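Take a look at the structure set out below.
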Amino acid sequence: MRSLAVFALLRWSAMQLLWLALAPIAASAAPVPVDSRVCHGTSPVDVADAAADTIAFTCGGTPAAYQGASLWLRLQPQSYLPAGQAATLLVHQTRFDRLAVGFRYTDGRIEWQRVRKGAFGDHWRPGAQIAFTPNDRSASVTTILVRIDNLASAQLLRLRIVDDGEADLETGILAALIGAALTLLLAGALYNLSLAIGIRRQYLAWQGVWAIAVFAWGIIWSQFSLLVVPGIAGTLAAQTCTALSTLSMLLATMSIFTAIGPSKAPAVLRWTMVVLGAAVAVLGVPGTLAKGPLIDLLIPVLAITALGNLLSAVLCMAWGMRRGSAEARDLLAAWSVPMAAVALTQFVDIGSRLWGGGAQILVLFASAWQTIWLSIAASRRLARLRAERDLARAAEARASRLAERDPLTGIRNRRGFVDAAGALIAAADRDDATLALLLIDIDRFKTINDEHGHDAGDAVLCTIATRLTRWEGPMCVAARLGGEEFALLVAHLCGPALTSFADHVRHELAACDHSEVIGARSITASIGVTEAKGRCDFAQLYREADRALYVAKRTGRNRICRADRAAEPVEASAPVPAANQRVG
């Protein structure tokens, strides 16, 4: 129930993120599409920023011939924000050589703020954003000029004009969200890798490596890496993110491929998924290095290939789940939200919603959700496997105990007696103590079976076995060796004390009440006794006790006979109680 509750909570959170992707987050945050309100133009890279007034701007349409040159954009903040609000410009694209933003005030002054690849200074913001805010708050900004040198793709360029206070709030929210998602991803990655080692599941290892790749992508995309390595700002960071994102598709594919074996999904479907995943990774190489028109051509090809990979992966997991694969079921539940998020970004232009995080923050959270969910599912299966293992071990121990016990009487059988004797012999040897063996045989037992039936004979054996268990303890082991023969192995008894004990056992057995099954008939036993000191051989001990028992049977039964005095059987000095007399 707890895992279902966690699943429901995570699913609800994911759905909320999907819904938020389709809705504006803040009324004061305005996207700036390249439309009639935005004028654009181009110039050679060596033209100075001060020459902005000489640029020929075209309002509307799509920028062209900007790659290898400088792309200029001119926009009025009043078109996006209410008058009087201090505007912050956020740029969501970092594949360029240099970026300059000029704020033109009502008095004609232009304030320029500049960044370049490898040096964003304090302009960077979480979520691959670069923020520019006019320093003069007392004057109104009439125009914002944006100049980007050697921009890789205007198609990927996102601009937003945000109220100054709202920009700070967005930065805090986005930083907290990204930090939470990255923490979950790292924890899930390490946990999946530890599970892969612990339970030896290859797909969990691929899953862990995938989560690490996504974590690395998230660190670089969010620009948190600039806190440590500021020199990768811009093109290098964007190229690294492209490489990691396409590589992660292949790693995810391998996780599914190794989790769903040939018996759970058709080979054609599995290998189609792998080929498409590899194709995404291969296309990622030129996608990483490309500049100019090639990158615009690669975007739709990559999108189509990625969607094909996702579709084949879903079909593979669904096929495996239909064939009873628990891994396929867990993977499908775990990957449903990330796949929906990735597919959504292919069909819906999320732009820079979600506090400026856009599609990337959606994918980041979906990936964190997927990693944690798969960790929960794998842990649940591991717990189930451990429970099954514990049950199997308990059953094995129970079977082992049963194998050492006589099924009729419940006391040790010959195998159990020999095993217990080994421990008792070792203890006697360690303590240099005496060890004695009593072999007990029920007198004329065959006549009981013949006259009263085998059920009565079994009842007699059970009663005698119960009486023998009275002496069981750390220094005494009782067993039924077979048929009507029983045994007691006793430590620290020798000489007259041993003889007295053996005679006491004979009297106790004779005093057992069998009247319910055989009436008033008395049951007696003959006992062969032998003893040895310190380390002794059990087989030799048994042979000596068996010879003594033979003498006791041959010389009249209902008596004890010691192996060291086999010629002189020892009888009880006290009379044997009547058959129906109980002894406490």
Original post:
Inside the range 141-157, can you point out the residues that are buried (at least 19 other Cβ atoms within 10 Å of the Cβ) and either small (G, A, S) or in a loop (DSSP other than H, G, I, E, B) (or both)?
Top reply: N150, L151, A152, S153, L157
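Residue-by-condition table, conditions (1) in a helix (DSSP H, G or I); (2) of a type outside the set (G, A, S); (3) over 16 Å from A539 (Cα atoms):
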residue: F417; (1), (2), (3): yes, yes, no
residue: L437; (1), (2), (3): no, yes, no
residue: N449; (1), (2), (3): yes, yes, yes
residue: D458; (1), (2), (3): yes, yes, yes
residue: A478; (1), (2), (3): no, no, yes
Original post:
When residues of the range 443-500 are filtered for being of a type in the set (K, R) and over 58 Å from the mean Cα position of the chain (by Cα), how many remain?
Top reply: 2
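If you check T235 against the conditions, is it in contact with a Lys or Arg (Cβ under 6 Å, 6 or more places away or on another chain) and touching a residue at least 12 places away in the same chain (Cβ under 8 Å)? Explain how you work it out, then say what you get.
Details: in contact with a Lys or Arg (Cβ under 6 Å, 6 or more places away or on another chain): yes; touching a residue at least 12 places away in the same chain (Cβ under 8 Å): yes.
Yes: the conditions hold for T235.
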Subject >> Qualifying residue in the range 106-117 (condition: out of contact with any Gly (no Cβ under 6 Å at 6 or more places or on another chain), within 28 Å of L169 (Cα to Cα), outside the structural domain of L177 (by TED's automatic domain parsing) and of a type in the set (F, W, Y)) >> reply: no
**OP:** Being in a helix (DSSP H, G or I), at pLDDT below 75, surrounded by 16 or more Cβ atoms within 10 Å (Cβ to Cβ) and not acidic (D, E) narrows it down to one of L364, L374, L332, L344, so name that one.
**Re:** L344
Original post:
In this structure, is A23 modelled with pLDDT of 70 or more and either of a type in the set (D, E) or surrounded by fewer than 16 Cβ atoms within 10 Å (Cβ to Cβ) (or both)?
Top reply: no
Original post:
Which one is farthest from E484 (Cα to Cα), of the residues in the range 418-467 that are of a type in the set (S, T, Y) and either in contact with an Asp or Glu (Cβ under 7 Å, 6 or more places away or on another chain) or surrounded by 15 or more Cβ atoms within 10 Å (Cβ to Cβ) (or both)?
Top reply: T434
Original post:
Is it the case that some residue within the range 311-319 is more than 27 Å from S375 (Cβ to Cβ), part of a helix (DSSP H, G or I) and aromatic (F, W, Y)?
Top reply: no
Original post:
Which of the residues belonging to the range 243-279 are part of a helix (DSSP H, G or I), over 24 Å from N192 (Cα atoms) and not polar (S, T, N, Q)?
Top reply: A267, V268, L269, W271, V275, L276, A279
Original post:
When you go through G165, G277, G208, G234 one by one, which is the residue that is within 30 Å of A87 (Cα to Cα) and crowded, with 21+ Cβ neighbours inside 10 Å?
Top reply: G234
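Scan the range 187-205 for residues that are in contact with a Gly (Cβ under 7 Å, 6 or more places away or on another chain), of a type outside the set (G, A, S) and surrounded by fewer than 20 Cβ atoms within 10 Å (Cβ to Cβ) and jot them down.
As a first pass, look at the range 187-205 and keep what is in contact with a Gly (Cβ under 7 Å, 6 or more places away or on another chain): 189, 192-193, 196.
Those still in the list that are of a type outside the set (G, A, S) too: 192-193.
Within the range 187-205, L193 is the sole residue that qualifies.
Out of the residues in the range 107-148 that are among the acidic types (D, E) and farther than 27 Å from I361 by Cα, state the one that is modelled with the highest pLDDT. First the steps, then the outcome.
Within the range 107-148, the first condition is being among the acidic types (D, E), and the residues that meet it are 107, 111, 122, 136.
Subset that is farther than 27 Å from I361 by Cα: 107, 111, 136.
Numbers: D107: 87, E111: 93, D136: 85.
Taking the candidates together, the pick is E111.
The values are calculated or read from the model by the stated rules, or taken from the named source; none is laboratory data. None of the values given here were measured: they were computed from a predicted structure. Quick reminder, even Gly has a Cβ in these numbers, built from the backbone with ideal geometry, and neighbours come from all protein chains shown.
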